Structures are given as structure tokens and as C-alpha cells.
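*Asks:* Here you go, one structure.
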Amino acid sequence: MLTKKQYELLLFIRDRLSQSGISPSFDEMKEALKLKSKSGVHRLITALEERGFIRRLPHRARALEVMKLPEAAAARATTAAGFAPNVIEGRFAGNAIPGARTAAEGGTMDLPLYGRIAAGTPIEALRDHSTTIAVPGAFLGKGEYYALEVAGDSMVDAGIQDGDTVIIERCDVAENGTIVVALIDNEEVTLKRLRRKGNSVALEAANTAYETRIFGPDRVKVQGRLAALVRRYH
């Protein structure tokens, strides 16, 4: 699934290629999406490339190719302005995440599975009320819990692999070194290790191929901490 900005950029690139046959520049993409910097464009392009929606053509500067469109866009002529993803909002009534369940004593709990969370490039966690995952109640404490499927490899050194399901205990504070679900700028959700120093908040990957990202304290909100991991073997 794509975030709103990823979707808008994908359609912008597709439209520019169909009109002129030339990929738009980073400045053009930044202006079209009303982003503050070209680093935001780079992040969106990387996310689209990782998910197989575009590819960079080798040995050609600024050359992009659209490989596919989301099913909704392919099925109908949907404009970027009309796209409204169903996302977990950053402001929950009473600080509660919708559908989060409290663990029962013994037996199993059916936790809501909220979709794929990036362990590499952040994406929005998409909510799906129809999907749940059964988890032994003994694995969980007394808090409220929900589940997310991991997409990406930036947490592999912490034992979290692409396709794993992480069980998250809802909270809004966490100690340094805790692996958390972090909401960035009220629109992006990612799974990273939390580090605080002074007025800075660092979201640290567990893979040396990824850089640690540093934010001001007002840009990051903790939405939960890692409680357990579920892995399916095929």
C-alpha cells in the first residue's frame, strides 16, 4: 500500500512521462507535491522503488520508469487529489488506538492486524478491521495490544525480518533503546529503536545499510513498543 504522498508522486511521474517522455526533476517533484526539501522527494522515490512501482534506469541521469500502479488507480482514472488512504491517525480519542485489545488470562487473543509497517522507509500503517491474528494470551501483559506486518530489512540485526508480524503494546512513552512504533510528523509510521539525547529524538535502524534519522521532539510520537514477534515458516 502507498501513502498519499507516494501515490501523488507516482501519478505525477506517470503523467509527466506520458506527456513528454522525460522524467520530472527533483525540483519539479518537490514543487508539485509542495514538499519543503528534495530529501523528501528522495525518500518517496526510494519507497516507490523498494515496493516495485518505479525503477531507475541505469546510466541515465534522472531517468525513471513506472512499473505498475496500485490496483485502485489501474482500475479507474483516479486523480492524486481524490486519493484518501485509510490510515491510523496520530491523534486518538482518549489516547487509545482503535481496536487495540487487552490480553486475557490464558487462551489466545485475536489482535487487530493493522497492515504493513516499514522497517526501512517509513510508510503509513494502514488499518484493516477485517484482519486479526491469534496470539497466546500468556505472551502478553496487562496492556493494550495490536499487530503490524513488517515490510523491509532495516531491523534484521534485531532479529526482525521482512514479512514478520510484530505485536505492539500501546504506549506513548518508551525508554531509550526500546524498539517502538513511531509516528513522524503525524503522517508516517515506522518501526525503529528509540534514542533520546537532549532535545533530539533519533530513530535508529538495526542494519548498517540504513542511516539513523534525527528529529526534534515535537516531530515524533511513540505509538507503542515491541512486545513480541510472530514468524511464519513456509
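*Asks:* Would you check if Arg193 is touching a residue at least 24 places away in the same chain (Cβ under 8 Å) and open to solvent by 70 Å² or more (accessible area, probe 1.4 Å)?
*Replies:* No: the conditions fail for Arg193.
*Asks:* Hey, another quick one. For Lys30, state whether it is within 25 Å of Arg213 (Cβ to Cβ) and open to solvent by less than 80 Å² (accessible area, probe 1.4 Å).
*Replies:* Spelling it out, Lys30 is indeed within 25 Å of Arg213 (Cβ to Cβ) and open to solvent by less than 80 Å² (accessible area, probe 1.4 Å).
*Asks:* A follow-up question, please. Identify, please: which residue in region 187-210 is under 24 Å from Lys4 (Cα atoms) and among the acidic types (Asp, Glu) and is, among those, modelled with the highest pLDDT?
*Replies:* Glu188
*Asks:* Being open to solvent by 40 Å² or more (accessible area, probe 1.4 Å) and of a type in the set (D, E, K, R): is that true of Asp164 here?
*Replies:* So Asp164 fails the test.
*Asks:* Restricting attention to region 199-234, and to residues there that are open to solvent by less than 80 Å² (accessible area, probe 1.4 Å) and small (Gly, Ala, Ser), which single residue is nearest to Ile133 (Cα to Cα)?
*Replies:* Only one residue tops the list, namely Ala228.
*Asks:* Quick one: Ala47 ticks every box in (1) open to solvent by less than 50 Å² (accessible area, probe 1.4 Å); (2) without any contact (Cβ under 8 Å) to a residue 24 or more places away in the chain except a single one, so which number is it?
*Replies:* (2)
*Asks:* What's the number of the condition Phe53 fails, among (1) modelled with pLDDT of 65 or more; (2) surrounded by fewer than 18 Cβ atoms within 10 Å (Cβ to Cβ); (3) aromatic (Phe, Trp, Tyr)?
*Replies:* Here Phe53 clears every test but (2).
*Asks:* Can you name the residue in region 3-27 that is within 15 Å of Ala63 (Cα to Cα) and acidic (Asp, Glu) and, of all such residues, is most open to solvent (accessible area, probe 1.4 Å)?
*Replies:* Looking at the filtered set, the residue picked out is Asp27.
*Asks:* Turning to a different aspect of this structure: Can you confirm whether region 131-151 contains a residue that is modelled with pLDDT of 85 or more, open to solvent by 20 Å² or more (accessible area, probe 1.4 Å), aliphatic (A, V, I, L, M) and over 21 Å from Asp185 (Cα atoms)?
*Replies:* The answer is no; no qualifying residue exists.
The values are calculated or read from the model by the stated rules, or taken from the named source; none is laboratory data. Being a predicted model, the structure only gives us computed values, none of them experimental. Cβ: placed from backbone, ideal geometry, glycine included. Neighbour counts: every protein chain shown. Keep in mind that these areas ignore ligands, DNA and RNA; they rest on the heavy atoms of the full protein, side chains included. Shrake-Rupley method; radii C 1.70, N 1.55, O 1.52, S 1.80 Å.
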